[in-house]
Amino acid sequence: MTGVTIDHMVATMTFIAAIILFTGLFAQTMEAAIMYQQNRHIAIKAGDLLDSILLTPGYPYNWGETNETLSCFGLQQPGAAGYTLSSFALMRLMSLSERVEYPRDSGKWYNNITLGTNGFLFLPVSDSIDYDTASRLMGVNGTYGFQLSIVPIVEVSISEYQLDPLVLRVEVSGPGGSLGGATLGYYLYRSYKTGQYASLELLTGTVQTDSAGIGYLNFTFDGETETYTIMVYANLGGLIGLGRHTHRTFTQGAGVMPFVVDHVEGKVYLAHSWDVSDQGTPVPDYKYNATFFMLTEDFEFQVWPIANSTGGLNYGSKNYEITKLPVGYPGFMLVTYRSGNDIGMTIMPWGIGSLAVSTLFGDNPFGNVWASTDLRQVSIDQLSYQAKITCWSLQGYQIMNPTGWF
């Protein structure tokens, strides 16, 4: 073999190696470009989906207050402009929390929107809008998945700083940290014994937070021996947040639990808790006093008369009582109950905005290759919320390599 032939073979092999090397580099560049384009498309889709949800009321427009078949999904408050959401449409979204069964209502299962201690919001699963329905109505089922979270922007935390006399510590914070100089308005509902029942006394007032976003509320009664619920709303520069704290002397179970059995009529069961969640020997009798507070345009809570506002429950003979709340008027129902000398309180929002309830709706993004998020600031019943969507593709990724697609 001559030297010329050897040189030719070496040059050919070098050329082939260079082609393979540059083909691989080109494929990697193409792979990165394709993934970028796919991810960018999902990011654009996330923003489009979020605006579609927040800027349309759906159809029928007041579907949060009716039982008509939903043909278009959206959460905007009917008749409102911009990012203003319907408190009652949000109330009907299927929660990701565990369902609750109420045996006295033919074993019906209820959607459970968790509120923490002594707070309940149960709506029949059959009346709730699930993720599959919303995804189908938005035209993304089988192509995109999403999860929507709606949480208050302003966090108002309330704790007991001193018990006798009672001093409450209120801390206000936002996305950037503590909110100094915020105006705090409070409503404290204190329960006291009246005959066989427990009635309410209302205490109100305002204070300012200091530079660290902290304010103190001073009262004249013993906070350890009294039952009370306090709500504090914070206002700073147009941002409004609300916090809640309940203290009760009742230690024998959950007490009286409300169930929204018909959101169209506003029909609510006031149920004996031993039918639902309590264990052991039941407390046989409760004497209760239920009050509904409607949220006004001035962000004040006014009493609205309701049926059967005072009554009794007896485990084994009278397990629930029925009342009705005003449809389309957000607020909350506060139930004080008594058994012997023990007094407790239960609170239920009517619409999620009145008590700054958070919402988590949709599918779980865990395990997906890539997901995009987008944010909007929204208003619900005058409270400031942040709406966040997480979106991902359900069709997978196609990436090119030197041998073709895989």
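Note on S317 and T220: with the Förster distance fixed at 56 Å, the Cβ-Cβ geometry gives a FRET efficiency of about 0.85. Helix 3-54 and the longest principal axis of the C-alpha atoms of the chain enclose an angle of approximately 20°. Computed from backbone phi, the HN-Hα couplings of segment 101-111 come to 9, 10, x, 6, 9, 6, x, 5, 9, 10, 5 Hz, rounded to whole numbers (Karplus: 6.51 cos²θ - 1.76 cosθ + 1.60, θ = phi - 60°; Gly and Pro given as x).
Mean separation of Cα pairs under 8 Å and 6 or more residues apart, divided by the residue count, gives segment 294-406 a relative contact order of 15 percent.
The average projected area of the chain, computed from the convex hull of its Cα atoms over all directions, is 28.8 nm². Across segment 118-125, rounded Karplus estimates of 3J(HN,Hα) from the backbone phi angles (6.51 cos²θ - 1.76 cosθ + 1.60, θ = phi - 60°) give 6, x, 9, 8, 10, 10, x, 4 Hz, Gly and Pro being marked x. Protein heavy-atom accessible surface, 1.4 Å probe, per residue over segment 134-236: 44 Å².
Only Cα pairs under 8 Å and 6+ residues apart enter the sum, and on that basis the relative contact order of the chain stands at 20 percent.
3J(HN,Hα) along segment 244-255: 9, 8, 10, 10, 9, 8, 6, 10, 10, x, 7, x Hz, from the Karplus curve 6.51 cos²θ - 1.76 cosθ + 1.60 with θ = phi - 60°, whole Hz, x for Gly and Pro.
For the chain, carbon and sulfur atoms together expose 52% of the accessible surface, with a 1.4 angstrom probe and every protein chain in place. A simple spin-label model places pseudo-atoms 7 Å from Cα toward Cβ; at L202 and S358 they are separated by 3.0 nm. Considering only M231, M91, M257, the mean-square fluctuation computed in a Gaussian network model of the chain, springs between alpha carbons under 10 angstrom, is largest for M231.
The Cα center of segment 126-184 and the Cα center of segment 222-243 differ in position by 15 Å. Quote the relative contact order of segment 41-180 in percent (integer), defining contacts as alpha-carbon pairs under 8 Å separated by 6+ residues. Dividing the mean separation by the residue count of segment 41-180 yields 13 percent.
In straight-distance terms, cross-link reach from K193 covers every one of the aspartates and glutamates whose alpha-carbon lies under 18 Å from its own, apart from those fewer than eight places away in the same chain; here that gives E201, D222, E224, E226, D285, D342.
Spin-label model, T143/Q395: points 7 Å from Cα along the beta carbon direction are separated by 0.7 nm.
Subtracting the Cα-Cα distance of D262 and R40 from their residue separation scaled by 0.36 nm leaves 75.6 nm. Taking 7 Å steps out from each Cα toward its Cβ at R136 and A212 produces label points 5.5 nm apart. For the peptides 244-253, 276-285, the ranking by packing is 244-253, 276-285, with the highest mean count of neighbouring Cβ atoms within 10 Å listed first. At an R0 of 45 angstrom, the distance between the Cβ atoms of R99 and V303 translates into a FRET efficiency of 0.90.
Counting only DSSP H runs of at least 4 residues, each contributing -39500 (n - 2.57), and dividing by the residue count of the chain, the helix-based mean residue ellipticity at 222 nm comes to -5500 deg cm²/dmol.
A straight Cα-to-Cα reach below 25 Å connects K267 with the lysines K108, K287, K318, K324, residues fewer than 8 places away in its own chain not being considered.
The values are calculated or read from the model by the stated rules, or taken from the named source; none is laboratory data. Since we're looking at a predicted model, the values are computed, not measured. FYI the Cβ positions are ideal-geometry reconstructions off the backbone, even for glycines, and counts take in every protein chain you see. SASA here: full protein model, heavy atoms, side chains in, ligands and nucleic acids out. Shrake-Rupley method; radii C 1.70, N 1.55, O 1.52, S 1.80 Å.
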